[in-house]
Amino acid sequence: MDSGSTRATDTDDSSPIVRAEGVTKRYTRGTTPGFFGRLLGRREPPTVTALEDVSLSIDAGEIVAISGPSGSGKSTLLHHLAGLEVPDTGTVTIRGQSTSSLSRKRRTRLRLEQVGIVFQHFHLVESLSARANVALPLVELGVPTSERKRRATDLLERVDLGDRLDHRPGELSGGEQQRVAIARALVTDPALVIADEPTGELDSETGQRVLETFQGLTADHAVVLASHDQSALAIGDRRIRLQDGAIVEGTDTAETHDQQTQAKVE
Amino acid sequence: MRRLLTRIWGGLTLSTAQLRHHRLRLGLAIVGVALAVLAVTLLAGAGIGVLETGTQQFESADRDLWVTAGETRITSAGGGGFENSLYDSRSVAAEMEAHDGVRNAAPLAFETVYVATSPDAEFRTIVATGVPGSGASVTITDGESLSGDPHYAGGTYDGERTNEILIDEETARQLDVGVGDTLYVGGSLASARNNEMTVVGISPTFEQLLGTPTITVPLSELHAVTGETVFEPATFITITLEDDADAEAVQRDLEASYPEYEIRTNQEQLEAVLQEQVLVLAAAGTLVVLAIGAGIALTLTLLSLVVAQQRKTLAALRAIGLSPLVTSVAVIWQGVTIGLLGGLLGLALTPPAVALLNRLGGAVVGFDDLVRTATWVSLAGLLIAVGIGTLAAAIAGWRVGRTPVLEDL
């Protein structure tokens, strides 16, 4: 699917879709004391390590499922892979572009063109119809109205919402809203799709249907999903388990990825 | 360029959809802004009205010059009356009347007196105005004017007393009296119980000038009942000039002849009275500033709240790649719309609110049209609504664009 507009970011099509190398992220709890704070004896606030030396590489057509207990760093890793955050140390590259080297504006543009995001809480615009919600990213790309409508309609039909085009999110069930969100994530034909607990708000039957839809539509995309739900994790080609910010199971370092790629070439 | 226009149009469409979807929120925001505009237009209108009413009252008094002895202040001791610091007012007025270009010079005295409908009734204090002659410049709405001031009798105070009195409508209502009824009036309770006067007419003139219920009596009889016949004090001497007289030249001549007195035109006299009311003016000015400040603060707060309620939606849009341009246009257009609609509603509500306030003002203090609107006040109100609305939304939109996406998600 063509985005309908010139892609503004300079991407490398030969590299993995997304690659994390030695990514470490620490958060500070509270604020650093100023001059008077230090005079009054305030100490440096404690830091929490959300990710510790995480390396990961994902190719097109691959679905990577990330599991782990709450607070293990799943969402933080997704945010880094989506370009919503940049690491303290290490690098994340999306289609060969390091997110740390880009300005905020360029990262936003990179997300628009290369990353589709499916949120746990859908985050649809309540005032817009399902079709307008799906078409919204195309507005940013400058796609003409008729083309936006056509593409949004096509995607909504593919997620079995062809009869719900003009319904607003409040008039749709949770499963229908998540399918609209999936359609929105795919409308720019991104290379990478990120899904954070995509079935977290749905009952098991609805969640299963959403997963089937998701799996069917993302066959040629790189997909990273994080979940506590075993049925969601089951759709992954590869499973990674995080614990205390580090990969403890299903390790896939950038080096091993390079070795695999080299082996494929040979 | 086409892409830019598409993005701007997308932002406008999103903005309009948000406004239409949250109608209650939109309605409340518009009402809030309208109230802010009303606060500005009504308080500023009250300030304008007070000044214009004062100017008109002085001009309608049909006097050209006002003579006072020093400051002209309202005293609490007199129950709200003016200070009578111009002594031997009859003689001074007679001298001034003999001056070239002066047609008439008449002293006016304001004194607080006791008034009741019978000697045994409860007396109340009220401002009495003493006018010489028949008080030709006094407007009569019912009954007749005073017949004259024969009691003065060339300064002997042994002429016949008319015992005539004019009252305003508010006093008539409060005392439940009308033309032909009797009132007991005096400078002390003892003198009031023995001084019977007859209401001969209803006059709003001095009530409107002073802004308080007022009775009007011949000057000599006022001085008699207040025990002031020796010094004949007055608040003003009012001067009417000959038709062909040069007001400024006469004013200069009189100032040279009477350096101990202040001689002012209508406008100067109004300004002098107002300058004496520094606290009142400061309070009025503070109210206007507070009204404008409150209007701005209310508009800013409302717009910030409207935007704050959409933070998650806007953050999600930025997360999926929409630029700050689209989200800012969406936010700013909401500010413009709410500001404009609120401003127009505020302006539409201003005339009925002014009419209501004027009705209340007329009933309470006797002034008509105390609150007056002006084009510049309306424009200022609209400007605050639209300008501050747009500015607040622009700041909020800018902040939304600067805040890290994950903080709001």
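The values are calculated or read from the model by the stated rules, or taken from the named source; none is laboratory data. Computed from a predicted model, the values in this text were never measured in an experiment. All Cβ positions, glycine included, derive from the backbone under ideal geometry; neighbour counts span all protein chains shown. Ligands, DNA and RNA are excluded from the accessible area calculation, which covers all protein heavy atoms including side chains. Shrake-Rupley method; radii C 1.70, N 1.55, O 1.52, S 1.80 Å.
On C-alpha positions alone, give me the angle between the axis of helix B:389-402 and the longest principal axis of chain B, in degrees, nearest 10.
Here the helix axis deviates by roughly 30 degrees.
Please arrange B:Phe110, B:Phe231 by accessible surface area, largest first, computed with a 1.4 Å probe and ligands excluded. Can you show the working numbers first?
Working: B:Phe110 0, B:Phe231 125 Å².
Ranked list, largest accessible area first: B:Phe231, B:Phe110.
To the nearest 10 Å², what's A:His123's accessible area with a 1.4 Å probe?
Taking all protein chains as shown, A:His123 has close to 30 Å².
What residues have an amide H closer than 5 Å to that of A:Ala50, excluding those fewer than 5 places away on the same chain, when H is modeled at 1.01 Å from N in the peptide plane?
Sorted by chain and number, the residues that satisfy this are A:Lys25, A:Arg26, A:Tyr27.
Could you give the alpha-carbon Rg of chain A over 2.2 N^0.38 Å, rounded to two decimals? Don't skip to the answer; put the middle values down first.
Values: Rg = 19.6 Å, N = 266, 2.2 N^0.38 = 18.4 Å.
With N residues counted in chain A, Rg over 2.2 N^0.38 Å equals 1.07.
Roughly how much accessible area, to the nearest 100 Å², goes out of reach of solvent when A and B pair up, both sides summed, probe 1.4 Å?
On the way: alone 12880 and 19860 Å², together 30490 Å².
Buried: approximately 2300 Å² between B and A.
Give, as a single signed number, the net charge of other residues whose beta carbon lies under 12 Å from the beta carbon of B:Val225, with Lys and Arg counted +1 and Asp and Glu -1.
On the way: positive: B:Arg161, B:Arg193; negative: B:Glu111, B:Glu196, B:Glu221, B:Glu228.
Neighbourhood net charge equals -2.
Report ³J(HN,Hα) in whole Hz for each residue of the range A:67-83, in order, from the Karplus equation J = 6.51 cos²θ - 1.76 cosθ + 1.60 where θ = phi - 60°; Gly and Pro get x.
Values, residue by residue: 10, x, x, 4, x, 7, x, 4, 5, 4, 5, 4, 4, 5, 5, 7, x Hz.
Net charge around B:Val400, counting only other residues with Cβ within less than 10 Å of its Cβ (Lys, Arg = +1; Asp, Glu = -1)?
+3
Work out from phi, with θ = phi - 60° and the Karplus expression 6.51 cos²θ - 1.76 cosθ + 1.60, the ³J(HN,Hα) of each residue of the range A:30-36, listed in order in whole Hz, and give x for Gly and Pro.
Whole-Hz 3J(HN,Hα) from phi for the range A:30-36: x, 10, 6, x, x, 4, 5.
Grab the protein assembly as shown and count how many Lys pairs have their alpha-carbon atoms under 22 Å apart, sequence gap of 8 or more, or different chains. Present the calculation step by step, with values, prior to reporting the outcome.
Details: A:Lys25/A:Lys74; A:Lys25/A:Lys105; A:Lys74/B:Lys312; A:Lys105/B:Lys312.
Value for the protein assembly as shown: 4.
Put a dot 7 Å past each Cα toward the Cβ at B:Arg20 and B:Glu242; how far apart are the dots in nm?
7.8
Given Cα pairs under 8 Å that are at least 6 residues apart, what percent is the relative contact order of the range B:65-264?
33
Considering the alpha-carbon set of the range B:65-264 alone, what are its Rg and its Dmax in angstrom?
Answer for the range B:65-264, Rg first and Dmax second: 16.7, 54 Å.
How many percent of the accessible area of chain B is carbon or sulfur, using a 1.4 Å probe?
On the way: 10870 of 18720 Å².
Answer for chain B: carbon and sulfur cover 58 percent of the accessible area.
Sort B:Glu262, B:Glu228, B:Glu122, A:Glu212 by heavy-atom solvent-accessible area, probe 1.4 angstrom, most to least.
Numbers: B:Glu262 80, B:Glu228 50, B:Glu122 170, A:Glu212 110 Å².
Reading off the accessible areas and sorting them downward yields B:Glu122, A:Glu212, B:Glu262, B:Glu228.
How high is the relative contact order of the range A:141-204, in percent, with contacts defined as C-alpha pairs under 8 Å that are six or more residues apart?
32
Looking at the calculated P(r) for the range B:213-367, what percent of the C-alpha pair distances fall above 23 Å? Intermediate results must be reported in sequence, preceding the final value.
Values: 8387 of 11935 pairs.
I get 70 percent for the Cα pairs in the range B:213-367 exceeding 23 Å.
I'd like the antiparallel share, as a percent to the nearest 5, of DSSP beta bridges with both residues in the range B:65-264.
On the way: 31 of 40 bridges.
In the range B:65-264, DSSP labels about 80 percent of beta bridges as antiparallel.
What is chain A's relative contact order, in percent, from Cα pairs under 8 angstrom and six or more apart in sequence?
Numbers: 523 pairs, mean separation 77.1, N = 266.
Relative contact order of chain A: 29 percent.
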